[in-house]
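Report on one structure; see the data block that follows.
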Amino acid sequence: MSDKDEQSELVFHYKREDRLENASKTVKDYYDGTGPTPPKGIFEALVHTKSARYSLFALLLVLAFFVGFYFFGSKSYEDTLDGVHYKLTAFTFEDNVYVSIKLESDAAEPNAAKSEPDATEPNAALPDFTVQIFAIDNDNQIIEKKNFSKNDVKDSYLRTTFVNHDIIMIKAEVKSSEDQESTIELSCKVGNEK
């Protein structure tokens, strides 16, 4: 007789009751359908066990921290010096990088400044300051630097352009002319606007 004939003559008998006879109560309950059922729905699955509740709480706490830091944390592109709020923005268009710094005076009232403009000096309400603007490339090297003062401000903006030689970041250093130690540094990534 060959092996093939012996295998075809074998008969297997399977009885679930015999197999489950020595199983634990938990296994028997699962087969009976009386065991614990898994949670239904996403929220129930997230709070089903004690460790899952702790994990969900930790995740929500970390998320709240990052959202709070994003909305209420300090921003590297804006700061205040001598009562003037400076906000740096930069974007690229065609072959140029356009940079602007918006100046908002905290001390002067906007209505008073508009009602009595000084024709001889439009920036008389601003304190004296100097600004150095740096164009930074991929290797964190300064490609070009430009200097400005209070006299270069037009309509509460200080604007300039750079030829785009892979400029990825703009940094500005604002120094108070009255107090040489008072300095703020602003930086922003160059965005694309079309």
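Derivation of every value follows stated rules applied to the coordinates shown; laboratory data play no part. Because the structure is predicted, anything quoted here is derived from the model rather than measured. Every residue, glycine as well, gets a Cβ built from its backbone with ideal geometry; the counts of neighbours run over all protein chains shown.
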Quick one: Asn138 ticks every box in (1) within 25 Å of the chain's Cα centre (by Cα); (2) within 15 Å of Ala90 (Cα to Cα) bar one, so which box is it?
-> (2)
Output for the stretch 140-163, where each listed residue is β-branched (Val, Ile, Thr) and free of Cβ contacts under 8 Å to residues at least 12 places away in the same chain = Ile142
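Residue by residue through the stretch 91-101, note down the ones that are part of a strand (DSSP E or B) and over 22 Å from the mean Cα position of the chain (by Cα).
Hits for the stretch 91-101 are Phe93, Asn96, Val97, Tyr98.
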Of the residues in the stretch 130-166, those that are within 15 Å of Lys102 (Cα to Cα) and aliphatic (A, V, I, L, M) come to Val131, Ile133, Val153, Leu158
Identify, from the list Thr92, Thr80, Thr49, the residue that is hydroxyl-bearing (Ser, Thr, Tyr), closer than 26 Å to Phe129 by Cα and surrounded by 11 or more Cβ atoms within 10 Å (Cβ to Cβ).
-> Thr80
